[in-house]
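Report on the following structure.
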Number of protein chains: 2
Amino acid sequence: MSTYHHGNLRTAVLKAASKILEKKGISGLSLRETARDAGVSHNAPYRHFPDRESLLAGIAAEGFSMLGEALKSSSGKAMGAAYVRFALVHPERFRLMFGGSLAVGKYPALREAADRAYQALVDSFRPHADAQQAQVAAAAAWSLVHGLSHLILDGHFAPAQRDAAGTENFVRQVLGGVRYLLGAQRSA
Amino acid sequence: MSTYHHGNLRTAVLKAASKILEKKGISGLSLRETARDAGVSHNAPYRHFPDRESLLAGIAAEGFSMLGEALKSSSGKAMGAAYVRFALVHPERFRLMFGGSLAVGKYPALREAADRAYQALVDSFRPHADAQQAQVAAAAAWSLVHGLSHLILDGHFAPAQRDAAGTENFVRQVLGGVRYLLGAQRSA
DNA sequence: ACCTGAACACCGTTCAAGT
DNA sequence: ACCTGAACACCGTTCAAGT
């Protein structure tokens, strides 16, 4: 039996790389191990990805699609909770997508995938506000759930979220706690 | 003249590493280059840091102190703006502190430094709310400015922030835009 | 569009043996 | 608490020469 890879190597490489990413994180993801796991020679991946960063960009692009799917069917606070849930279920992928290891500007496909996911958020504010307000509201909402995701992942709210139920509860509280910010702002 | 390092090598290593971090990012920061820039042999840093990750943790700890300083003398919306400004002035350090490359739990000094910076935020809500509300409000506020920092750094709000003035303005708008979230939440 | 196999420069980490 | 110097396993990337 030959080791020649027939079929979609690109997909096979992405799959192997995703698996390694989940287990070892971004810095633990190497092209050579990916190739080994995919059962191909160490430079076969170069047929589909010019360098390691491009492979990372490919995984990130997949992630933005997944995120878009996860957000599609909800709105309001439920959408925020879905965003955080996505981050917690796919922590390493989330960090790859948003950890700054990737120069988003260098990969048009990545930029577009990210913009599509964001657009879903902006649209969800359209019914409640004019275009200008929707933009600002969406930016604030995205910032809120995005920051919350990062901080939970990094363990900065440890006491409040010792288990999964605690986390869900905490997320709900924080998303609802926005109203406390207004009073503080007014009196500051 | 000897190459023997007299004085505080730990400080010298941190300084050299910070410089490399700023220029090449986290993945571009190597122990060996740090040692070269500090003018010592490639394994001298091991006297002060057991491995590369510990060096990163040291730089991050510095960062949390810097962040604490930057936030100390402000409150309310100004404090949020100061947080974002810190992220924009020290992008790579910010990403190191919050990018998940570091297991915060593994470094007590890091955890304490981070907690101290957070406590400043919680305290700033104390005058306006009871302890429970202050906790939730601080978590929401931190999430908001933290997410905003990340998203701006990653270039996800590019059209709104083409220059420094545009960015300052945008940050102010988003921090103020929190009120739009309430209407949307209520009607969602 | 894949393969093997060699090569290069670089890395983190660990020694042994010094001062 | 630092030094030199060697060593190991690993890496990304680039070849050359195949099928």
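Checking the structure you have, find out if any residue of the range A:121-135 is closer than 30 Å to residue B:108 by Cβ and of a type in the set (A, V, I, L, M, F, W, C). No, there is no match, as no residue in the range A:121-135 is closer than 30 Å to residue B:108 by Cβ and of a type in the set (A, V, I, L, M, F, W, C). I need the full set of residues from the range B:90-126 which are more than 9 Å from every other protein chain (Cβ to nearest Cβ), of a type in the set (D, E, K, R) and either surrounded by 17 or more Cβ atoms within 10 Å (Cβ to Cβ) or farther than 17 Å from residue B:68 by Cα (or both), in order please. Those that are more than 9 Å from every other protein chain (Cβ to nearest Cβ), of a type in the set (D, E, K, R) and either surrounded by 17 or more Cβ atoms within 10 Å (Cβ to Cβ) or farther than 17 Å from residue B:68 by Cα (or both): B:93, B:106, B:126.
Residue B:143 meets the conditions (1) free of Cβ contacts under 8 Å to residues at least 40 places away in the same chain; (2) surrounded by fewer than 24 Cβ atoms within 10 Å (Cβ to Cβ) in every case but one. The failed one is (2).
Evaluation of residue A:166 against the conditions (1) more than 8 Å from every other protein chain (Cβ to nearest Cβ); (2) at pLDDT 95 or above shows that the sole unmet condition is (2). With respect to (1) in a helix (DSSP H, G or I); (2) surrounded by fewer than 21 Cβ atoms within 10 Å (Cβ to Cβ); (3) touching a Lys or Arg at 6+ places or on another chain (Cβ under 9 Å), the lone exception for residue B:150 is condition (2). For the range B:47-63, the candidate set comprises residues that are acidic (Asp, Glu) and more than 16 Å from DNA strand D (Cβ to nearest atom); within that set, the residue that is nearest to the other protein chains (Cβ to nearest Cβ) is B:53. Within the range A:16-27, restricting attention to residues that are within 15 Å of DNA strand C (Cβ to nearest atom) and among the small types (Gly, Ala, Ser), the residue that is surrounded by the most Cβ atoms within 10 Å (Cβ to Cβ) is A:17.
Summed over the range A:7-30, the residues that are basic (Lys, Arg), closer than 22 Å to residue A:89 by Cα and more than 12 Å from DNA strand D (Cβ to nearest atom) give a count of 3.
Among the numbered conditions (1) surrounded by fewer than 18 Cβ atoms within 10 Å (Cβ to Cβ); (2) within 12 Å of DNA strand C (Cβ to nearest atom); (3) modelled with pLDDT under 95, the only one that residue B:54 does not meet is (3).
Would you confirm whether any residue within the range B:28-42 is away from DNA strand C (no atom under 12 Å from the Cβ), away from chain A (no Cβ under 12 Å), touching a residue at least 40 places away in the same chain (Cβ under 8 Å) and aliphatic (A, V, I, L, M)? No - not one qualifying residue is present in the range B:28-42. For the list (1) under 17 Å from residue A:80 (Cα atoms); (2) more than 8 Å from chain B (Cβ to nearest Cβ); (3) over 22 Å from the mean Cα position of the chain (by Cα), I need the number of the one condition that residue A:132 fails. Checking residue A:132 against (1) under 17 Å from residue A:80 (Cα atoms); (2) more than 8 Å from chain B (Cβ to nearest Cβ); (3) over 22 Å from the mean Cα position of the chain (by Cα), the one that fails is (1). Hey, among B:69, B:33, which residue is within 16 Å of DNA strand D (Cβ to nearest atom), more than 23 Å from residue A:25 (Cα to Cα) and either buried (at least 20 other Cβ atoms within 10 Å of the Cβ) or acidic (Asp, Glu) (or both)? Exactly one residue qualifies, and that residue is B:33. If you go through the range A:154-171, how many residues are surrounded by fewer than 18 Cβ atoms within 10 Å (Cβ to Cβ) and either among the basic types (Lys, Arg) or part of a helix (DSSP H, G or I) (or both)? Final tally of qualifying residues: 10.
Of the helices (runs of 4 or more DSSP H) lying entirely inside the range A:1-118, the ones with 2 or more residues being among the aromatic types (Phe, Trp, Tyr) are found at A:76-89, A:91-98.
Just wondering, is there one or more residues in the range B:155-163 that are farther than 22 Å from residue A:170 by Cβ, touching a residue at least 40 places away in the same chain (Cβ under 8 Å) and in contact with a Leu (Cβ under 7 Å, 6 or more places away or on another chain)? Among the residues of the range B:155-163, not one is farther than 22 Å from residue A:170 by Cβ, touching a residue at least 40 places away in the same chain (Cβ under 8 Å) and in contact with a Leu (Cβ under 7 Å, 6 or more places away or on another chain), which makes the answer no.
The values are calculated or read from the model by the stated rules, or taken from the named source; none is laboratory data. Fair warning: this is a prediction, and the values are worked out from it, not measured in the lab. Please note: Cβ atoms are built from the backbone with ideal geometry, for glycine as well, and neighbour counts cover all protein chains shown.
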